[in-house]
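Let me begin by presenting the structure, written as structure tokens, before commenting on it.
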Amino acid sequence: LPAAGRLQMDTPGQQVLERSSVLVSAEFVEARFTVALPAAGRSILGQQATQILVEALPSVVQQALVYRSLDAQAVQRHLNTVEDTRALRSMLADQGLVAFVGEGAVLPRASGHTDVPMDASKAIKFQPPASLKVSFSLPHAGPVSGMGIPAGITLIVGGGFHGKSTLLQALQVGVYDHIPGDGRELVVADPNAITVRAEDGRSVERVDIRPFISNLPFGKTTDDFSTPDASGSTSQAANIIEGLEVGAKVLLIDEDTAATNFMVRDERMIKLVAPDKEPIVPFIHKVKSIYSELGVSSILVIGGCGDYFDVADLVIMQENYGTRDVTAEAKALARPNPTALPFGKVRERVPLRESIQAVRDGDRPGQEKVSIGGMSEIRFGDSNIDLASVHQIVDKSQTRAIGDAILCLRDSLMDNATPLNTLLDRLTDRFDKEGLDALAPNKFVGNYARPRRFEVAMALNRLRGAHFKQR
């Protein structure tokens, strides 16, 4: 086809996501695409447009959408892989697990700038420690074995460059299904797992961060905390509280991206700066109560602080991309009776409908504009929502859907009384019943990919100018 008339469809990646580009029902298959019709000035070139739409398009449909034109074995393999992955993920809770890494999985990626797997002939395939090896029977693959990570507090330790973060990153995207050949087809995590990190400079709006931070200088309270420019520790505290508010069940934390003073304070610092002079209660003193009181597990990459041995239920060591269970050795080094403080209450918040506006200066009243700047930015009117630290968005079509989901929440679900968690429940129900077309009825948008509730909430929480009230 000439460049001016090229047909374009939303291109999927390594993850298998619900999309609006192709809809399949018992009656029909609907494919959505765009085409730049050839033109001269403001006039469409009719003969060339006819060539594209009448001659070329049927051929494309025949090759891409008609089953007999496809590799039947590849189609079946894709379906089997996704069904097995979903079955495996659904079995985790009954076995008391929050994650599973299949034996033989290829976790490393080809480079830091791509999500495609490292060449299997060069990659070290995952081998589970015998003490953590569990087996499942899947609908198509049959018996599979791998490492089960139980609910509770798990540490991933080891030297630098030995694969700690690589393992955590595989678990991070284990909330999604993967295409055959990705290497992580049998790496699954609790679907309610979220990645948490420090995020200096983000805005925070009316979050009760008292479980972690209180007694600020000059009597400033933290039960209804707001700031346009959060520090590392306050942002990480807010990120955890906001995640718990909307139903997170597993926290994934890498110390490389965490605030040091939020994670731990050593004995010498405590002696120098008395506890009553320090507003921050480190995560290490709350991680056990987060699990015992809220049922929320934590998986942490820890390379520089052995204090976490005191609170860990399981310690996994990464060494030359191999995995060992070193829980017994770590417990031999742990101190007895670590300090464990009650967590406190997670307060619900209600987003205020009228504060969410996507207007731009100079535009007509009522005209709104939402667009994306790649996978990590939503342009919401005159505001930019920075999602660079939201690591479980894996496709820019998810980002696009998140921007429009905020408008959908505002226009049809928010009432200035319903808490955010309930609003997200209702949005999820709408997606389940209506698909992604719920975001733009009768507009036939073909470049949405379904986001999780957590990333929608994270985007709304980062929208400067959006206001909440506490319940």
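The values are calculated or read from the model by the stated rules, or taken from the named source; none is laboratory data. What you see is a predicted model; the values in this text were computed from it and never measured. As a convention, Cβ positions derive from the backbone with ideal geometry for all residues, glycine included, and neighbour counts pool all protein chains shown. Only protein heavy atoms, including side chains, enter the accessible area calculation; ligands, DNA and RNA are left aside. Shrake-Rupley method; radii C 1.70, N 1.55, O 1.52, S 1.80 Å.
In the range 275-291, of all residues being at pLDDT 95 or above and charged (D, E, K, R), the one that is surrounded by the fewest Cβ atoms within 10 Å (Cβ to Cβ) corresponds to 288. Of the residues 272, 294, the single one that is open to solvent by 30 Å² or more (accessible area, probe 1.4 Å) and under 24 Å from the mean Cα position of the chain (by Cα) is 294.
For the subset of the range 12-30 comprising residues that are farther than 27 Å from residue 50 by Cβ and hydroxyl-bearing (Ser, Thr, Tyr), which member is surrounded by the fewest Cβ atoms within 10 Å (Cβ to Cβ)? Across the range 12-30, the extreme among qualifying residues is 25. If you go through the range 399-429 and keep only what is in contact (Cβ under 8 Å) with a residue 24 or more places away in the chain, assigned to a loop (DSSP other than H, G, I, E, B) and open to solvent by 20 Å² or more (accessible area, probe 1.4 Å), you end up with 415, 416, 417.
Scanning the range 179-200 turns up at least one residue that is touching a residue at least 40 places away in the same chain (Cβ under 8 Å), among the acidic types (Asp, Glu), open to solvent by 30 Å² or more (accessible area, probe 1.4 Å) and not in a helix (DSSP H, G or I). With respect to (1) in contact with an Asp or Glu (Cβ under 6 Å, 6 or more places away or on another chain); (2) of a type outside the set (Phe, Trp, Tyr); (3) surrounded by 13 or more Cβ atoms within 10 Å (Cβ to Cβ), the lone exception for residue 131 is condition (3). Taking every residue in the range 283-298 that is more than 22 Å from residue 191 (Cβ to Cβ) and of a type in the set (Ser, Thr, Tyr) and pairing it with any residue that is outside any helix (DSSP H, G or I) and open to solvent by less than 10 Å² (accessible area, probe 1.4 Å), at least 6 positions away or on another chain, the pairs with Cβ-Cβ distances below 6 Å are 289/343. Within the range 368-396, the set of residues being farther than 18 Å from residue 196 by Cβ and assigned to a loop (DSSP other than H, G, I, E, B) comprises 368, 369, 373, 374, 375, 381, 382, 395.
Tally the residues that are of a type outside the set (A, V, I, L, M) and open to solvent by 70 Å² or more (accessible area, probe 1.4 Å), restricting the search to the range 368-382. Total meeting the criteria: 3.
For every residue, the table says whether it meets (1) among the small types (Gly, Ala, Ser); (2) under 29 Å from the mean Cα position of the chain (by Cα).
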site: 25; (1), (2): yes, yes
site: 28; (1), (2): no, no
site: 40; (1), (2): yes, no
site: 48; (1), (2): no, no
site: 55; (1), (2): no, no
site: 97; (1), (2): no, yes
site: 114; (1), (2): no, yes
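Residues are listed down the side, and each one gets a yes or a no for (1) charged (D, E, K, R); (2) touching a residue at least 24 places away in the same chain (Cβ under 8 Å):
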{"site": "5", "(1), (2)": "no, yes"}
{"site": "12", "(1), (2)": "no, yes"}
{"site": "15", "(1), (2)": "no, yes"}
{"site": "23", "(1), (2)": "no, yes"}
{"site": "26", "(1), (2)": "no, no"}
{"site": "34", "(1), (2)": "no, yes"}
{"site": "39", "(1), (2)": "no, yes"}
{"site": "42", "(1), (2)": "yes, no"}
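Within the range 320-367, how many residues turn out to be open to solvent by less than 90 Å² (accessible area, probe 1.4 Å) and either outside any loop (DSSP other than H, G, I, E, B) or among the aliphatic types (A, V, I, L, M) (or both)? Counting residues in the range 320-367 that are open to solvent by less than 90 Å² (accessible area, probe 1.4 Å) and either outside any loop (DSSP other than H, G, I, E, B) or among the aliphatic types (A, V, I, L, M) (or both) gives 21.
Criterion first (in contact with a strand residue (DSSP E or B) (Cβ under 7 Å, 6 or more places away or on another chain), within 20 Å of residue 79 (Cβ to Cβ), of a type outside the set (A, V, I, L, M, F, W, C) and surrounded by 11 or more Cβ atoms within 10 Å (Cβ to Cβ)) does residue 8 satisfy it? The answer is no for residue 8.
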